[in-house]
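Laboratory data are not the source of any read-out in this text; all were calculated from the coordinates shown. Please read these numbers as outputs of a predicted model, since none were measured by experiment. Here Cβ is always computed from backbone atoms with ideal geometry, including for glycine, and neighbour counts include all displayed protein chains.
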Amino acid sequence: MMLTILFGLCLFVALMLCFLLLMGRSSAQGALLAEVARGARGTGAVSGAWRPAVSGDLVARPFTAFRKIFASEPDPEIVRRLMLAGYRKPYHPDIFLGTRLAVPAVLGLTVALVFSENIIVYFPLALVIGFFAPDFWLSHAISRRRDRLRLSLPDGLDLLAICLEAGLGIDQGVVRVGQELQMSHQELSEELLLINFEQRAGVQRNTAWQAFALRANFESARSFVAMLIQTDRFGTPISKSLGAFSDALRTQRRQKVEERAAKTTIKLVPPLVFCIFPAMGIVVVGPAIIAVKDFLAHFLK
């Protein structure tokens, strides 16, 4: 029993270390921009960004060597999904692959140590759950990041419109908004700063914004990029278009909230039918049934 508890604690610590190493961290350029922004606000210099005790690249080396036996490059689909979740470093696909292989093995070993009966049933089930658990976690991370980007996009567009009305260009406004949103909307800030870095590296503006739409992967971002490309092509005022588009996004978000509120009454029907109504029936009808039963028993004697 003591060995099982110790093994469970070791498993928990190992999984926590894997998830911490997979957490997204800002790049060196992002840390430099944050330091400049804080210095401009008068908050003083930053002593330095937090660094993990163990490098993720060091952890990924065994998995990288194992992956190179079968393929020289990581699976493009895994790289794309990790990018949608916000994990863009080169060693993230190898760590994810290692987690895919390690979790089934650990769960299978746990089942072999804990269960003494029906191992033939539990062992394959543990392997299947362990193999698909990282994929479920990655899908949840993608959905969560997409929702945060969707909710933060109207605020970013309002700030960008204010910067353009103040006289900044679109590129300078993107950098300014990325710096300002780094604390409140980190995902959108990273995306805007990445757009600026791509343009500084020589990528055309429309191509950089289209890449942002692919990374964000939701309808509002694609509509915003299409509107931005259209205004740039026809020379219409961008600030007015941004203001109107942000108002439309806020209206759409409010309508979705109202839609979810309207669905609440329908979603309350199953708990009422299966949980509350049976209890109320027992309390209300139960005593009457007992009284009728006692009356019939006394009458039939």
Notebook entry, point to check: How do the peptides 209-218, 109-118, 93-102 rank, highest first, by the average count of neighbouring beta carbon atoms within 10 Å per residue?
Noted result: 93-102, 209-218, 109-118
Notebook entry, point to check: At what distance in nm do the modelled label points of Leu214 and Leu127 sit from each other, each positioned 7 Å from its Cα along Cα→Cβ?
Noted result: 3.7 nm
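If the chain between Leu58 and Ala201 were fully stretched, how many nm would it gain, using 0.36 nm times the residue separation less the Cα-Cα distance?
In short, 48.6 nm is gained.
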Check: R0 = 41 Å: FRET efficiency of Ala248 with Gln186, Cβ-based, nearest 0.05?
Finding: 0.95
Note to self: For region 149-265, take the convex hull of the Cα atoms, compute a quarter of its surface area, and give me that in nm², please.
What the structure shows: 7.4 nm²
Item checked: For peptides 128-141, 280-293, sequence by mean Cβ density within 10 Å, most packed first -> 128-141, 280-293
Notebook entry, point to check: If the cut-off is a Cα-Cα distance under 25 Å, which lysines reach Lys267, setting aside same-chain residues fewer than 8 apart in sequence?
Noted result: Lys256
Checklist line | Contour excess over end-to-end distance, with Cα ends at Ala288 and Ser139 and 0.36 nm allotted per residue | finding: 48.4 nm
Notebook entry, point to check: What order do you get for Thr207, Thr231 when you list them from fewest to most C-beta neighbours inside 10 Å?
Noted result: Thr207, Thr231
Margin query: Show me the ranking of peptides 78-89, 260-271 by mean Cβ neighbours inside 10 Å, starting with the highest.
Written below: 78-89, 260-271
Notebook entry, point to check: One-quarter of the Cα convex hull surface for region 71-123, in nm²?
Noted result: 5.0 nm²
